[in-house]
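Contents: one structure, followed by commentary.
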Amino acid sequence: MGRAWKFGDDVDTDAIIPGKYLVINDPKELAKHVFENVRPDFAKSVKKGDFVVAGENFGCGSSREHAPLSLKALDVYIVAKSYARIFFRNAINIGLPAFECKYTDKIDDGDLLEIDLKRNMIINRTKEEEYKINPVPDFLREIIECGGLIEFCKRVIRC
């Protein structure tokens with residue numbers, strides 16, 4: 001179970017990780033600056049298993065891989081109505097759990113959430129409600145479960 005951190009529509013990669021930190025390649029160091037200009041308390045307060053909840057077009061803007069990489073280092077789930085395509089693919093490629101749910105507007109900041117991947121549901125323990133998430137195709141789920149595309153390939157392709 002994790003806390004919901006609510007954001008709106010069109011959260012761009014510069015809001016996720018400000019451009020001045022693109023010289024950093026260490027995910028744990030990047031994670032210290034996630035949402036720094038938008039929500040200064042986030043990086044210090046977020047916990048493993050929390051949920052970043054957003055509206056439409058999460059991860060728009062530049063194609064920088066630093067944005068999903070910094071979120072993965074925090075060990076959070078991302079739930080949004082929709083994603084910028086390149087952000088979503090970058091997230092999957094590094095094993096960041098990113099899910100689509102058209103009901104994110106029903107989730108409030110601070111709600112306690114769980115995810116049930118077998119039933120494709122987000123469970124809101126605060127409101128005792130459930131919200132359907134779009135099913136993740138098996139091959140994408142395998143990539144996420146392996147921790148990203150590289151680890152997936154190491155397991156599948158034996159050269």
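Show me the strands (runs of 3 or more DSSP E) found entirely inside the stretch 1-111 where at least 2 residues are open to solvent by 50 Å² or more (accessible area, probe 1.4 Å) and either in contact with a strand residue (DSSP E or B) (Cβ under 6 Å, 6 or more places away or on another chain) or in contact (Cβ under 8 Å) with a residue 24 or more places away in the chain (or both). Quick ask: steps written out before the conclusion?
Values: elements: 2-6, 51-54, 77-80, 98-100.
The strands (runs of 3 or more DSSP E) meeting that bar are 2-6.
I'm trying to understand the selection: among the residues of the stretch 119-140, which are part of a strand (DSSP E or B), touching a helix residue (DSSP H, G or I) at 6+ places or on another chain (Cβ under 9 Å) and crowded, with 16+ Cβ neighbours inside 10 Å?
I122, N124, Y131, listed by residue number.
The values are calculated or read from the model by the stated rules, or taken from the named source; none is laboratory data. All of these numbers come straight from a predicted model, not from anything done at the bench. Every residue, glycine among them, receives a Cβ derived from its backbone with ideal geometry; neighbour counts consider all protein chains shown. When the accessible area is computed, the model is the full protein with side chains, heavy atoms only, and any ligands, DNA or RNA have been set aside. Shrake-Rupley method; radii C 1.70, N 1.55, O 1.52, S 1.80 Å.
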